[in-house]
Each structure stands twice: as structure tokens, then as C-alpha cells.
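Would you mind keeping the following structure in view while I ask a few things?
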Amino acid sequence: MEEERNSGKKTFKILSIDGGGILGLYSVDVLDRIQREYCNGRPLSQDFNLITGTSTGGIIALGLAIGKSAEQIKEFYLRYGESIFPKNRRKRPGVFKQKYSKASLKNALKEFFGNQRIKDCKTAVCIPSINAATCQPIIFKTNNNGSLTRDEDFSIVDIALATSAAPTYFPMHSFENFLGLVDGGLWQNNPALCGAIEAISYFVGEGKEFDSMKILSIGNPSSVTRSSVYTKKHNSGIWNWKQNLVHLPMKVTSVATHQILQILHRNNALNIKDYLRIEPNNLTEDYKNLKLDSADDQSYKKLQELSFQDFNQNKHLLQKFFKEEEL
């Protein structure tokens, strides 16, 4: 990718990865297949100019950005999934207290990322979160224009905990001057548009290095497994809503962002040359019970079956997406 950047290539490539808890195993399995077949096994940080991800997608994005392979990240999910989402706590509704402690997640992230910081990323990143103390969205990012220095020394572990602190699942995360950070999926569960805006702001367009962009957006079953969060009790309170208060905005933001980008691409807006979204479609009943915390061997098998199926169904589009950038 460094050769591409220095040779004046004009297409800026963005990889976007949705949030969705353990369902991120689907996303990283798709990416593992892509890395093997279309990138000659190279780290994806060499094939994408910017990687953006939210929540579990943020963890994957940060892993890829520091140069880890998709296979290494997949092994992280398989190794630590059940300790992060222990079975004995999965039936708790998470109404009065979060379902899970962040201790296991934090320990797993420390083991995986060590002491690496944002400045150690080998390609640009954008990782959405929310600052609950100020009720403002926040995007942690690399120094993408030479003056964005706020986040450079932030620990990747802290950023990963901040983007994945899903309400009712995990507690808020605090570090440095940030008093309470929560899951970015509540406003950008599908961060592809976030990546496009970053690109058009600093990299793509008149007077910039690139004149167009391509976006590869990787979803997961979270936006299609819950077809409805409707409740017959129209006057229902928080108990009846329970974790649907989290699932609803995550699903809606993923679908809405996809629809917006389809329209932008169709109308040649924002210099979007190609836009490809890979996610499960028309799930059978066997797969509709997959949840954000379905961490067990049976669920892992289902997620990898789905990724295999969707990768093969999109091969012709993936070939087109990567064709012009082959080295």
C-alpha cells in the first residue's frame, strides 16, 4: 500500500466494520477470507488507506491497523469470547446493572494489544464512541492531517474499551480527561459514513492526494437477526424495553448508514467510486437466535458458516473492488 500511496494512485480505500459484540467473529472471518484471496496474505493495513470500526468492529479495526492479520484477530474472538461473555450471566436483563464486568475484556485486550498506542497504527483509523459526560459524539483517530494530535498517545486498549462499552452490557469507560465513554454504536454502529467524511475532509477531492474513494463495509447478523423490537404494550416502561434500548439504535444506524451510502454512490456524490456492503441476508430460523453475547462453539460455527456463504456470494463484487488496486 505504501508503494500505491507514493505512486500517485488516486483511489482512497476505506474499510468499515460494524459493531455487534461476539457477532464480530462473522466480520473478521469474512476479512480473513478477503485477506487470503484478494490481498495475497498481506496485512489489510497495507491495502486500505483508512480503517474505521465501532464497538467490536473498533477492536477489529484497531487490530488490523497495527498490522495484525484477520486470522490473529479471529483467534482472539475464539480464545476470549466465552470469558468476556460468561454463560452464567447471559440471562440477566441488564436493567439495574450491566450484565458483564469489563475486567475480562480489559485483560484480553491488554494481552492482545500490549502497550501500543494510536500513533503505532500503520494506517489511518477512526473509532466512534460517545462522551456521556458531555452528551457528545467523539471519534478517536490517528493524526490524519498533521495537526490532530489529541489521540496520538492514547492507549489502544483504552480506545477499544471506550468504543465497546455498550450500555446494559458493560460499564462506561474512563481514562485521561474522559469521565464516561460509551459504545459508539448508539450513533455510528455502521461507521462507513464516518470514514467517508474523514476521507473527503483530508484525503479526497480537489487539491488533495486522491480524487475518488472506495468503501468496503462489513456488517454482521446484528442488523438482521432482530427484525423487530416492537412491543404490544405501547405504554411499556424500561423493564419491557430492557436491552432493546441498545439494539434499536444500533440496528437503525447500521441500516440508515447503508441506505445513505447507496444513495450517495448512485448519485456520484462525495467522489465515491465504489461502495460494497457485505452482511447476512434472509437468515433462516437456525441463525436468527444469534445475539451480541452468543459466545459458544455452536454460535461460532454458525457465524463462520454465514461468513463463508456471504463471502462466496460476493466474490464477483469483491474481485471488482480489488481489481484496480492489485500490485
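Step by step: first the residues of region 271-314, then only those that are open to solvent by 70 Å² or more (accessible area, probe 1.4 Å) and basic (Lys, Arg), then the one that is nearest to Asp211 (Cα to Cα). Which residue is that?
Among those residues, the one meeting the criterion is Lys273.
Take Asp153 and decide whether it is free of Cβ contacts under 8 Å to residues at least 60 places away in the same chain and either under 17 Å from the mean Cα position of the chain (by Cα) or open to solvent by less than 30 Å² (accessible area, probe 1.4 Å) (or both). So that I can check it myself, show each step before the final result.
Values: free of Cβ contacts under 8 Å to residues at least 60 places away in the same chain: yes; either under 17 Å from the mean Cα position of the chain (by Cα) or open to solvent by less than 30 Å² (accessible area, probe 1.4 Å) (or both): no.
Judged against the criteria, Asp153 is not a match.
Moving to a separate point now. Tally time: how many residues in region 129-146 are free of Cβ contacts under 8 Å to residues at least 24 places away in the same chain and either open to solvent by less than 40 Å² (accessible area, probe 1.4 Å) or in a loop (DSSP other than H, G, I, E, B) (or both)?
Adding up the residues that qualify gives 4.
Give me the pairs: first residue in region 174-189 and closer than 15 Å to Gly24 by Cβ, second residue open to solvent by 60 Å² or more (accessible area, probe 1.4 Å), beta-carbon distance under 9 Å, and six or more apart or on different chains, which are they?
If the second residue must be open to solvent by 60 Å² or more (accessible area, probe 1.4 Å), the pairs left are Gly184/Pro137; Asn189/Val252.
Ok, one more. Checking the structure you have, find out if any residue of region 118-128 is in contact (Cβ under 8 Å) with a residue 12 or more places away in the chain, basic (Lys, Arg), closer than 28 Å to Lys13 by Cα and in a strand (DSSP E or B).
no
Picking from His258, His247, which residue would you name as being open to solvent by 30 Å² or more (accessible area, probe 1.4 Å) and not small (Gly, Ala, Ser)?
On the way: His247 fails: open to solvent by 30 Å² or more (accessible area, probe 1.4 Å).
Being open to solvent by 30 Å² or more (accessible area, probe 1.4 Å) and not small (Gly, Ala, Ser) holds for just one of His258, His247, which is His258.
With (1) in a helix (DSSP H, G or I); (2) β-branched (Val, Ile, Thr); (3) crowded, with 21+ Cβ neighbours inside 10 Å as the list, and Val182 as the residue in question, which single condition is left unmet?
For Val182, the failing item is (1).
The values are calculated or read from the model by the stated rules, or taken from the named source; none is laboratory data. The structure presented is a predicted model; accordingly, all values stated were derived computationally and were not measured. For neighbour counting, all protein chains shown are included, and Cβ atoms are generated from backbone atoms with ideal geometry for every residue, glycine included. These accessible areas exclude ligands, DNA and RNA; they are computed on the full protein's heavy atoms, side chains included. Shrake-Rupley method; radii C 1.70, N 1.55, O 1.52, S 1.80 Å.
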